[in-house]
Amino acid sequence: MRELPVFGGRLIDVNVIQAFKIGELTVAPGGTILLEQARASHLFTVLSGWAFRYKTLEDGRRQIINYALPGDFLGLQSSMSETLGHGIEALTDSVLCVFPRDKLWTFFASDTQLAYDVTWLAANQERSLDEQILSLGRRTAIERIAYLLWYLFDKARGLGMTKRNQLDMPMRQSHLADTLGLSLVHTNKTLQRLRKERSIELDDRTLRIINEDALKKLARVDDVENATRPLI
């Protein structure tokens, strides 16, 4: 059993997790982890890889809500309602720890700190949605992209996934467009503008932060946002 930050970034005792865990799931890029509007019987934590949460409109248009990295908890909403209001798809080859949905509350009762951590996680996800709404409603296109790239880099950095201000980012421009409510053409043009600012380099799905202070200023990242690092 790998010891990872399973809930809210806190390392959980291996024996506690082993008693709750029923297996591991390997998902290929593009594979479904949780189906939108389905009733999920399992919950997951990401052991390795990237995934994303999304919602779709009746005409097939997709809104990506956030991205999941190692340590993130998936499927909590399905434990609060009959169906899941969003889908979750693997962005890369991913390995997930699988837990039975119907034993969640028993598990929480055995570990009150864990229950607190999940409450904290849910609160931070709500705050993250506030930032997403702000981006879609008030930030300009270049501010939206700057904020998303900085956020993903900062979150990955906290997980030890960056190296020398560089991050391998598996998403395509279509994923960025679906996250930020922009057309693919507008996303491409805005990325070109951002490159000209010389705060980042982005090529071959590799993000390099050249001037983080400039990027944060362009993204309008305030001191409170930087300190709390909400989950997007």
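The values are calculated or read from the model by the stated rules, or taken from the named source; none is laboratory data. All values reported here derive from a predicted model rather than from experimental measurement. Because the Cβ atoms are built from the backbone with ideal geometry, glycine has one as well, and the counts that use them run over all protein chains shown.
Tell me which residues, restricted to the range 161-194, are assigned to a helix (DSSP H, G or I) and over 18 Å from the mean Cα position of the chain (by Cα). Residues satisfying the conditions are Leu184, Val185, His186, Thr187, Asn188, Lys189, Thr190, Leu191, Gln192, Arg193, Leu194.
Screening Leu11 with (1) surrounded by fewer than 16 Cβ atoms within 10 Å (Cβ to Cβ); (2) at pLDDT 85 or above gives one miss only, at (2).
Here is a list: Ala28, Ala68. Which entry is among the small types (Gly, Ala, Ser), surrounded by fewer than 20 Cβ atoms within 10 Å (Cβ to Cβ) and either on the phi > 0 side of the Ramachandran plot or at pLDDT 85 or above (or both)?
On the way: Ala68 fails: surrounded by fewer than 20 Cβ atoms within 10 Å (Cβ to Cβ).
Residue meeting the stated conditions: Ala28.
Taking the criterion of being at pLDDT 85 or above, closer than 20 Å to Gly31 by Cβ and under 13 Å from the mean Cα position of the chain (by Cα), would at least one residue in the range 93-105 satisfy it? No, the range 93-105 contains no residue that is at pLDDT 85 or above, closer than 20 Å to Gly31 by Cβ and under 13 Å from the mean Cα position of the chain (by Cα).
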